[in-house]
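Colleague: Take a look at the following structure, please.
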Amino acid sequence: MIKNYMEVLVDEIFREMKNSYKICDDKKCEHDIKSIALNNLPTAYLKYDTTEATKKAFLLERQRRISVLAKVAEASDIVCSECIRKQK
């Protein structure tokens, strides 16, 4: 089995951002933000037999986290600006 660890990282970064910044709680918006971010990031598939240390290293690599944070922030700007317009 293989898994796209970029999805895991986007989920993790999104949760961190949601706790720190004003991001709407709507599940549709959450899915839209994650989808936009993932579509603008490279995939990173790891095989089932990849060591836990390798997986953890992938998730903790600083430059990768910064890149993902930027893409999630951009995606939330896009999606949340749409929410604000709909509320007016």
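Colleague: Could you check how many residues of segment 47-68 are of a type in the set (Ser, Thr, Tyr) and within 14 Å of the chain's Cα centre (by Cα)?
Modeller: Within segment 47-68, the first condition is being of a type in the set (Ser, Thr, Tyr), and the residues that meet it are 48, 50-51, 54, 67.
Still in the list and also within 14 Å of the chain's Cα centre (by Cα): 67.
Selection size over segment 47-68: 1.
Colleague: Now for a different question. Acidic (Asp, Glu), modelled with pLDDT of 95 or more and either open to solvent by 50 Å² or more (accessible area, probe 1.4 Å) or touching a Pro at 6+ places or on another chain (Cβ under 6 Å) (or both), is that true of Glu16? Full working, then the answer.
Modeller: Numbers: acidic (Asp, Glu): yes; modelled with pLDDT of 95 or more: no; either open to solvent by 50 Å² or more (accessible area, probe 1.4 Å) or touching a Pro at 6+ places or on another chain (Cβ under 6 Å) (or both): yes.
The answer is no for Glu16.
Colleague: Which residue, of Asp77, Asp11, is in a helix (DSSP H, G or I) and under 10 Å from the mean Cα position of the chain (by Cα)?
Modeller: Numbers: Asp77 fails: under 10 Å from the mean Cα position of the chain (by Cα).
Step by step, each of Asp77, Asp11 is checked, and only Asp11 is in a helix (DSSP H, G or I) and under 10 Å from the mean Cα position of the chain (by Cα).
Colleague: Determine the pairs where a residue that is of a type in the set (Gly, Ala, Ser), located within segment 15-39, has a partner that is open to solvent by less than 100 Å² (accessible area, probe 1.4 Å) with Cβ atoms under 6 Å apart, the partner being 6 or more residues away or on another chain.
Modeller: Ala37/Val10; Ala37/Lys71; Ala37/Val72; Ala37/Ala75
Colleague: Ok, one more. Can you pull out the residues in segment 33-47 that are part of a helix (DSSP H, G or I), open to solvent by 50 Å² or more (accessible area, probe 1.4 Å) and either among the charged types (D, E, K, R) or more than 13 Å from Val72 (Cα to Cα) (or both)?
Modeller: none
The values are calculated or read from the model by the stated rules, or taken from the named source; none is laboratory data. Please read these numbers as outputs of a predicted model, since none were measured by experiment. Reconstructed Cβ throughout: ideal geometry from the backbone, glycine too, with neighbour counts over all protein chains shown. Quick note on the areas: whole protein, heavy atoms, side chains included, nothing else; ligands and nucleic acids left out. Shrake-Rupley method; radii C 1.70, N 1.55, O 1.52, S 1.80 Å.
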